[in-house]
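Contents: one structure, followed by commentary.
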Amino acid sequence: MSDAHITNHEEDGETRRDFIHIAAGAALAGAVGAVAWPFVKQLGPAADTRAASSAEVDVSKVPLGGEVRVLIGGKPFFVRHRTEKEIAEAEAVNISTLRDPQTDDERLVPKPDGELNRAILVTSGACTHLGCVPVGPGTNTGDYGGWFCPCHGSHYDTSGRIRKGPAPLNLPVPTYEYLSDTLIKISL
Amino acid sequence: MSGPSTYEPKTGFEKWLDTRLPLIRFAKDTAIDFPTPKNLNYWYTFGAILAVCLVIQIITGIVLAMHYVPNTAMAFDSVERIMRDVDWGWLVRYIHANGASMFFLAVYMHIFRGLYYGSYKAPREVLWILGCVIYLLMMGTAFLGYVLPWGQMSYHGSSVITSLIGAIPVIGDTIKTYLQGGPAIGNATLNRFFSLHYLLPFIIAGVVILHVWALHVPGNNNPTGVSVKDVKKDTVSFHPYYTVKDLFAILVFLFIFAFFVFYAPNSLGHADNYIEANPLQTPAHIVPEWYLLPFYAILRAITFDLGPITAKLGGVIAMFGAIAVLFVVPWLDTSKVRSMRYRPLAKQFFVLFVAAFIGLGFAGANNPDDLIVAFGEDKLVVAYTDETGAAARSESFAEYHDAEHFIEGLDESAGASMEVVKSGFKWLWAAQFLTFFYFAYFLVILPILGIIEKPKPRPLSIADSVLGKHGQGSAGGTPVPGAANAAAPRDDA
């Protein structure tokens, strides 16, 4: 085979060979992606884990002035039965002074009849600073009567809003709904 | 064959790296420029296919280990959870389970190719032995992995195999107990089997590196068995010629692999293994996975005592011997001609050997006492206890009338019972015959053939073979002075 012969081949077949290269490369990229997807997706929560990602709580069982702590998929949540005094304190705050401004009403969810159940406050149980679980009624409610995080000293008020300490945000209100006047369903 | 390196570092970084860690030079010399005989056929692609198999098994295995629980109370359920709840878990597990079968399918092709083309002969003995080590490690890994799902076959299969160790005289029982970590297969066994099943593939990977190293010193054998004489004429660079050929073969192989994974994922397994392990109930028909069946048949073929060696120990010796004999094949085959392409007798015995190996597989899959072909009359056998009540006896009859008459003549305390026994050729006898042939092939046929066989003329070089010149005095070829058949060198160097 002479050099001239090879050169002719390359000249004649150049576009066709380019096409083959691009097509093969595209097919390879598609194949790699299709194979990689299951191996990445399996790392995520499995179906049984996803199925266990909500819980129902009977709020009538929460004692007045106390709270119930619920674990859903390993994450803590607080369901607190607030006293009239605590509700009044939460509503009296001037939100412009807050680090993460939210009114107390914005942090509540209406019952089936559309009314807000101000007595029941549902929040995440993980401090927004570094994820510790704050202590609450019966132990130490902090300077503002809500919760106190013992890790780095964040104080939350009776609406779960950050008032003092390193935490940047209020305790988040999870997705939940009233199935009846006394039964709530919290979802992750 | 790894001649002087042709790598020229071009950029400053390449030059800098080349004097410190010549990684690019190594990659280029071994995977790109490596001179490879130009006549390799598709039987030579199984090496690359096996590398892919190992990678697939390791990746899917690591993923499965993320979800599997090595505890007898949870193992079976955790596997079912992988199948049902883990996203794509069914796919990963089916790839891993069928991947083991595909791995062995490829390794058998690879081994038979080596046996046919004489790839174990000088100077490739170490390459061959390392391959045997990998094969042995693969069987160990596959066995350990099969125990993990904690199904009925897992449990009772591992029980049978660990019992084999117990057949070793004097120390056998102690070794067995230490292997099991208790009086029987249990949680301790499962934990250590999981640990070792995770470890062994990486040891295999290490031996594979040695295997490739040992391949790259003498270079590839080839279908003619004739050594490379002129690197320019006889070889082509590994890339792109064999990278593309291997890649094509890998794709075809993955088609077959995918067929099993998606359309017949359980066809190579046993339904019994989807029943959780129950130590109190052994499945009616206990067999290993298909790739271990020939050795299982050899194990069961020894049903007779040989002097001080009991049948049980004899079976174990035969089974391990069947693998051990592979290690010494380079010294059992006395022929100086590598490729059986030029060995008319050896070629025929090789075909018989492959058939015998497959036949052993079927013998291993069947109950030894079942019949391959039935012949002769069915017999009636009356089983009873003798007058003293101490010994069980039996008597066979051709006619029902005679058997009935015989029972009537017996005392009631004899507890006689009658059974139809079919006569014919048993799988056991096939297994025994094929086991005999298996060993005879290596220990008798290969050594003798090398002495008595008259090989056919071989091409003078790989280039001649490719160009169709079957020289050395054969018709049509250019006669080469001084290379007449009778004077042909006895080795392929």
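Could you check how many residues of the stretch A:149-188 are of a type in the set (Ser, Thr, Tyr), surrounded by 14 or more Cβ atoms within 10 Å (Cβ to Cβ) and closer than 14 Å to A:Arg107 by Cβ?
Matching residues across the stretch A:149-188 total 4.
Before we move on, is B:Gly314 without any contact (Cβ under 8 Å) to a residue 60 or more places away in the chain and open to solvent by less than 20 Å² (accessible area, probe 1.4 Å)?
yes
Would you be able to tell me the number of residues in the stretch A:18-74 that are hydrophobic (A, V, I, L, M, F, W, C) and within 14 Å of chain B (Cβ to nearest Cβ)?
Total meeting the criteria: 17.
Within the stretch B:268-325, which residues are of a type in the set (Val, Ile, Thr) and assigned to a loop (DSSP other than H, G, I, E, B)?
B:Ile275, B:Thr282, B:Ile286, B:Val287, B:Ile302, B:Thr303, B:Thr310, listed by residue number.
Just to be sure, is B:Trp128 at pLDDT 95 or above, within 14 Å of chain A (Cβ to nearest Cβ) and either buried (at least 19 other Cβ atoms within 10 Å of the Cβ) or farther than 30 Å from B:Arg343 by Cβ (or both)?
No; evaluated as a whole, the condition is false for this residue.
If the Cβ limit is 8 Å and pairs must be 6+ apart or interchain, which residue in the stretch A:153-165 that is in contact (Cβ under 8 Å) with a residue 40 or more places away in the chain pairs with which residue that is part of a strand (DSSP E or B) and open to solvent by 10 Å² or more (accessible area, probe 1.4 Å)?
What qualifies is A:Asp157/A:Gly145; A:Asp157/A:Arg163; A:Thr158/A:Gly145; A:Ile162/A:His155; A:Arg163/A:His155.
Please go through the stretch B:93-106 and give me each residue that is hydrophobic (A, V, I, L, M, F, W, C) and within 13 Å of another protein chain (Cβ to nearest Cβ), ordered by number.
Scanning the stretch B:93-106 gives a single hit, B:Ile95.
Give me the pairs, please: first residue somewhere in the stretch B:215-239 and more than 17 Å from B:Asp33 (Cα to Cα), second residue anywhere and loosely packed, with under 15 Cβ neighbours inside 10 Å, beta-carbon distance under 7 Å, and either six or more positions apart or on two chains.
Between residues of the stretch B:215-239 that are more than 17 Å from B:Asp33 (Cα to Cα) and residues that are loosely packed, with under 15 Cβ neighbours inside 10 Å, the close pairs are B:Pro223/B:Asn41; B:Ser227/B:Ala493.
Tell me whether the stretch B:164-177 contains one or more residues that are surrounded by fewer than 19 Cβ atoms within 10 Å (Cβ to Cβ), of a type in the set (Lys, Arg), in contact with a helix residue (DSSP H, G or I) (Cβ under 9 Å, 6 or more places away or on another chain) and assigned to a loop (DSSP other than H, G, I, E, B).
No - not one qualifying residue is present in the stretch B:164-177.
If a residue must be more than 10 Å from chain A (Cβ to nearest Cβ) and either open to solvent by 20 Å² or more (accessible area, probe 1.4 Å) or modelled with pLDDT under 95 (or both), how many such residues does the stretch B:62-92 contain?
Result for the stretch B:62-92: 12.
Do any helices (runs of 4 or more DSSP H) entirely within the stretch B:1-114 hold 1 or more residues that are out of contact with any strand residue (DSSP E or B) (no Cβ under 9 Å at 6 or more places or on another chain) and within 25 Å of B:Leu196 (Cα to Cα), and if so, which?
Ranges flagged: B:46-67, B:75-84.
For B:Pro22, all conditions in the list (1) outside the structural domain of B:Val231 (by TED's automatic domain parsing); (2) surrounded by fewer than 16 Cβ atoms within 10 Å (Cβ to Cβ) hold save one; what is the number of the exception?
All conditions pass for B:Pro22, except number (2).
Which residue pairs have Cβ atoms under 6 Å apart, sit 6 or more places apart or on different chains, and have a first residue in the stretch B:255-267 that is within 13 Å of B:Arg93 (Cα to Cα) and a second that is open to solvent by less than 40 Å² (accessible area, probe 1.4 Å) and modelled with pLDDT of 95 or more?
B:Phe260/B:Asn98; B:Val261/B:Tyr94; B:Val261/B:Ile95; B:Val261/B:Asn98; B:Pro265/B:Tyr94
What is the one condition in (1) within 30 Å of B:Ser339 (Cα to Cα); (2) open to solvent by 50 Å² or more (accessible area, probe 1.4 Å); (3) within 14 Å of chain A (Cβ to nearest Cβ) that B:Ile32 does not satisfy?
Every listed condition holds for B:Ile32 apart from (3).
The values are calculated or read from the model by the stated rules, or taken from the named source; none is laboratory data. Bear in mind that the values here come from a model prediction, so they are computed numbers and not experimental data. Note that each Cβ is placed from the backbone with ideal geometry, even for glycine, and that neighbours are counted across all protein chains shown. Heavy atoms of the whole protein, side chains included, go into the accessibility calculation; ligands, DNA and RNA do not. Shrake-Rupley method; radii C 1.70, N 1.55, O 1.52, S 1.80 Å.
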